[in-house]
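Let me begin by presenting the structure, written as structure tokens, before commenting on it.
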Amino acid sequence: FCAETEELIGAMKVFCGRANPTTGSVEWLEEDEHYDYHQEIARSSYADMLHDKDRNIKYYQGIRAAVSRVKDRGQKALVLDIGTGTGLLSMMAVTAGADFCYAIEVFKPMADAAVKIVEKNGFSDKIKIINKHSTEVTIGPDGDMPCRANILITELFDTELIGEGALPSYEHAHRHLVQENCEAVPHRATVYAQLVESRRMWSWNKLFPVRVQTGHGEQVIIPPLELERCPGAPSVYDIQLNQVSPTDFTALSDVMPMFSVDFSKQVSSSAACHSRQFEPLASGRAQVVLSWWDIEMDPEGKIKCTMAPFWAHSDPEELQWRDHWMQCVYFLPQEEPVVQGSSLFLLAHHDDYCVWYSLQKTSPEKNGRVSPPRPVCDCQAHLLWTRPRFGEINDQDRTERYVQALRTVLKPDSVCLCVSDGSLLSLLAHHLGAEQVFTIESSAASHRLMKKIFKANHVEDKVHIIEKRPELLTSADLEGEKVSLLVGEPFFTTSLLPWHNLYFWYVRTAVDRHLGPGVVVLPQAASLHAVVVE
């Protein structure tokens, strides 16, 4: 997705980051103000959101009810729609009888589109598009809005609920843009959590020992202590929990409501902590918290839109498929043993943009403990490797395939060059008997991480790391040796899509002059499959 990260005021030029899959590098292109964002928006979740029937129906029902309540009080229905996007919710409000809508959209290409959409649908006389951040909107005779609104409509939610800045936006709106005790659609949101044990999900967060059968018996590649102790990445992992097999996790708690936000009253974006006492359903190792939310569009909670996965859904048959909102996987800083029936406290912490969880044996009120800080990776691995990447490295079956392939081609005098980012292939090649092993790590951060892993496994003098881009490789880097085995998973951190890993093809050409006669290249071939669908 194009990041509008730099705008040159005056010339209105925009820098857009583009990953070049051929060279693996990110290139910044300068686009003018007429740059076509249509493709960028099409590749985002915008269409999925706009075609989310369940979301749209529930929003319309909630908006219609809110407008009716205001009209029943004999007041004009004045709507503030923050983050209007295409203007859809504002058009719903006018259709439901609202007298006027102030629709705010900060992203200029989207605001321009909203103006055209509103005009095309004949709502220009009742909807005003304001191309500003909501915190910059002014009230008064010469302001963006003549007076405060009495209905607040927003859709500022991501999978984590608050990750798009919903709390600060609501906080400001209540203070400056809407009347006290205004109607709000949605009216309330509730975040739910369930504690589970799951080796598969835990493998997305920690590096497990990797076992390799060699001619000298079993060798175990161990993670550095720093990786084991690291609390992990601070960001949520959003996935489709409906795609996770129930056999992949063991529930250690029931589903618990952790906290709610009432959007019709003053909202605080200050850091907060909410605790729930529970008795574990089973003994095991607490590793992961699964979480999701629902929104109630009306004060009575009759109009509800839920993100609950099938096992927690009131009507699994009516489950709505959506990709713009999914469910959350949070990893506890460390796994902790739990005993069935021994009471514990699950704590949900949040600041203005993030949520994280912790587990305690005693009530947070009683022990007076300071709320733990947001977990931050201090081992570098969680900053370099994505959760799926951790899963790949921990996949013992996948490792075994590479071991089998290496066994068929390695000889006692093999000179092996490994080209993949943050890969354990070089360690496998060493343990399987290669005479010399070199591995290319093009980033300094990846170099540092692999150095730690090699040191923990006492091979820092046996596997040589070359911190260079493959095309800059020299004979001196390889100590004058010719490569007899070129190997790659292939995996590269710059690959946004699976076929971008065909960058290995480019690498193979770039290092050609360093390859010896009869060189073996693994993988030897790749095939790209496609299917045309409607």
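The values are calculated or read from the model by the stated rules, or taken from the named source; none is laboratory data. Given the structure is predicted, the values throughout are model-derived calculations rather than measurements. In this analysis, Cβ positions are derived from the backbone assuming ideal geometry, glycine residues included, and neighbour counts consider all displayed protein chains. When the accessible area is computed, the model is the full protein with side chains, heavy atoms only, and any ligands, DNA or RNA have been set aside. Shrake-Rupley method; radii C 1.70, N 1.55, O 1.52, S 1.80 Å.
Quick notes on this one:
- Solvent-accessible area of Ser68 with every protein chain in place, 1.4 Å probe, in Å² to the nearest 10: 50
- Where labels lie 7 Å past Cα in the beta-carbon direction, separation of Lys302 and Phe208 in nm: 5.0
- Order by protection proxy (mean Cβ within 10 Å, highest first), peptides 69-79, 222-232: 222-232, 69-79
- 0 to 90° range, to nearest 10: angle between helix 166-176 axis and the chain longest Cα axis: 30
- P(r) tail, the stretch 395-522: Cα-Cα pairs separated by more than 23 Å, 25% of all pairs.
- 3J(HN,Hα) couplings calculated from phi for the stretch 515-520 with the Karplus curve 6.51 cos²θ - 1.76 cosθ + 1.60 (θ = phi - 60°) are, in sequence order, 8, x, x, x, 4, 9 Hz; Gly and Pro show x.
- Beyond 13 Å, the tail of the calculated P(r) for the stretch 423-475 holds 55 percent of the Cα pairs.
- Along its principal axes, the stretch 238-302 has C-alpha extents of 41, 26, 22 angstrom, given from the largest down.
- Global form of the stretch 376-415, assessed from the alpha-carbon gyration tensor, a/c cut-off 1.5: oblate
- Here the contact order of the chain, divided by its residue count and restricted to Cα pairs under 8 Å and six or more residues apart, works out to 13 percent.
- For the pair Gln179 and Arg374, the difference between a 0.36 nm per residue extended length and the Cα-Cα distance amounts to 66.8 nm.
- The chain gives an Rg/Rh value of 1.03, both radii derived from C-alpha positions and Rh following Kirkwood.
- Sorting 263-270, 212-219 by their mean Cβ neighbour count within 10 Å, with the most densely packed peptide first, gives 263-270, 212-219.
- Residues in the stretch 395-522 average 47 Å² of solvent-accessible surface per residue, probe 1.4 Å, ligands and nucleic acids excluded.
- If the Kirkwood radius is taken over C-alpha pairs of the stretch 214-329, then at 20 °C and 1.002 mPa s the Stokes-Einstein diffusion coefficient equals 119 µm²/s.
- Here the stretch 411-445 and the stretch 258-304 have alpha carbon centers that stand 47 Å from each other.
- The relative contact order of the stretch 395-522, computed from alpha carbon pairs under 8 Å that lie at least 6 residues apart in sequence, is 27 percent.
- Tyr503, Tyr402, reordered so the largest accessible area comes first (probe 1.4 Å): Tyr402, Tyr503
- Computed Rg/Rh of the stretch 179-255, alpha carbon atoms with Kirkwood Rh: 1.21
- These residues, Tyr237, Tyr59, go from largest to smallest accessible area, 1.4 Å probe, as Tyr237, Tyr59.
- When the listed pairs Lys126/Lys304; Lys411/Lys462; Lys76/Lys126; Lys76/Lys128; Lys76/Lys265 are checked against a 22 Å cut-off, the alpha-carbon distance exceeds it for Lys126/Lys304.
- Average 1/r across all pairs of distinct alpha carbons in the stretch 46-155, invert it, and you get the Kirkwood radius: 14.0 Å.
- Once the Cα-Cα distance is subtracted from the 0.36 nm per residue extended length, the Arg448 to Glu30 segment shows a gain of 147.2 nm.
- Relative to the longest principal axis of the Cα atoms of the chain, the long axis of helix 396-409 lies at roughly 30 degrees.
- Across the stretch 265-406, counting alpha-carbon atoms alone, Rg and Dmax equal 19.2, 64 Å.
- Angle between the chain longest axis and helix 444-456 axis [Cα atoms, degrees, rounded to 10]: 60
- D_trans [Stokes-Einstein, Kirkwood Rh over alpha-carbon pairs] for the stretch 87-131, 25 °C, 0.890 mPa s, µm² s⁻¹: 242
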